[in-house]
Amino acid sequence: MTAQASASGALPVTDAGPDPALASTLAPALAAQGVGVVIDGATLLDGVDFDARPGEVHALIGPNGAGKSTLLGVLAGDRPAASGSVQVEGRPIGSWRLRELARTRAVLLQQHDVFFPFTVGEVVAMGRAPWRGTSAEDDDERLIAAALVQTDVAHLLGRTVPSLSGGERARVALARVLAQAAPTLLLDEPTAALDLRHQEDVLRIARARSRSGDTVVVVLHDLNLAAAYADRITLLAGGRVVASGSPDAVLTGERISEVYGQPVEVIPHPRTGAPLILPLR
Ligand code: ADP
Ligand code: MG
């Protein structure tokens with residue numbers, strides 16, 4: 001696993017990574033104010049404020065049906081908001097051309113099944129499509145190779161995607177998104193199908209990208225992964241933001257117990273001090 005160079009180059013990179021204080025002064029890569037989404041009379045999102053900045057991993061957490069995927073879709077520009085506004089790099093999302101948007105943010109959907117028998121190599125190469133006809137094409141081979149290695153699927157290169165295991169497919173889908181080399185990553189449950197090592201790999205990649213100046217928004221169910229890797233966490237429930245802030249501030253035992261309907265205790269990790277969320281059993 002090697003840190004990947006910033007796709008955007010937005011932040012000066014030092015060995016220690018960007019200064020979080022500096023990151024907090026940069027304009028958000030993504031921002032939403034008062035976003036509402038209603039479908040067939042059902043309110044999926046209601047008055048949601050959100051922002052994500054270069055240099056940070058921003059985790060979106062919340063129970064099933066909270067609206068996490070819906071919000072990610074709005075932030076990606078894949079789904080219209082009925083109310084409120086969304087800006088990408090300071091510009092209203094509606095003013096972006098599709099191709100421009102595809103060079104700016106890469107999206108890993110929760111459902112990413114490939115039904116046609118494309119090979120792993122073909123699928124990952126599709127991530128480069130937004131750059132066709134530009135000088136960035138020169139980087140295709142290098143970025144595809146790096147994404148294959150980072151996600152540990154290089155040995156599967158010639159296999160067809162339908163022949164892979166669920167976890168292998170999920171890693172190929174992530175490789176395609178990484179190869180896109182957009183400065184903002186929107187990842188919907190990228191760890192759901194993965195074993196322990198590959199879950200940690202995904203969050204290490206997310207952190208490396210953020211530390212080189214990119215912006216990462218990641219939906220996670222594993223609260224301990226969020227606690228360990230996120231710079232900021234936004235907790236959604238019932239289409240509303242319940243809390244947003246540092247892992248310490250958001251992941252309190254009382255709040256998590258109430259929102260998830262499952263009693264938990266939260267203790268500081270004995271070595272790192274990060275919150276550890278333990279269901280009461
Ligand atoms: P999450 O990703 O947090 O689990 P989603 O954003 O996928 O939640 O969905 C939020 C809620 O909206 C869920 O209760 C889901 O059933 C509902 N929902 C999603 N899409 C539709 C739709 N097209 N019509 C009606 N309800 C929907
Ligand atoms: Mg979802």
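For the structure I just gave you, tell me whether GLY73 is within 16 Å of ligand 2 (Cβ to nearest atom), farther than 19 Å from ALA182 by Cα, at pLDDT 95 or above and outside any strand (DSSP E or B). Criteria not met by GLY73. Summed over the stretch 39-68, residues that are open to solvent by 50 Å² or more (accessible area, probe 1.4 Å) and within 16 Å of ligand 2 (Cβ to nearest atom) total 3.
Residues that are within 22 Å of LEU44 (Cα to Cα), open to solvent by 40 Å² or more (accessible area, probe 1.4 Å) and either touching a strand residue (DSSP E or B) at 6+ places or on another chain (Cβ under 7 Å) or part of a helix (DSSP H, G or I) (or both) within the stretch 88-116 comprise PRO92, GLY94, LEU109, GLN110, listed in sequence order. The set of residues in the stretch 250-281 being open to solvent by less than 90 Å² (accessible area, probe 1.4 Å) and assigned to a loop (DSSP other than H, G, I, E, B) consists of LEU251, THR252, GLY261, GLN262, PRO263, HIS269, THR272, GLY273, ALA274.
What number of residues within the stretch 103-118 satisfy the criterion of being more than 30 Å from GLU89 (Cβ to Cβ) and among the hydroxyl-bearing types (Ser, Thr, Tyr)? Matching residues across the stretch 103-118 total 0.
Here ALA82 clears all of (1) of a type outside the set (Asp, Glu); (2) within 16 Å of ligand 1 (Cβ to nearest atom); (3) over 23 Å from GLY239 (Cβ atoms) except the condition numbered (3).
The values are calculated or read from the model by the stated rules, or taken from the named source; none is laboratory data. Here the structure is a predicted model, which is why all the values come from computation and not from measurement. Here the Cβ is made from the backbone with ideal geometry for all residues, glycine too, and neighbour counts use every protein chain on show. Surface areas here come from the heavy atoms of the whole protein model, side chains and all, with no ligands, DNA or RNA. Shrake-Rupley method; radii C 1.70, N 1.55, O 1.52, S 1.80 Å.
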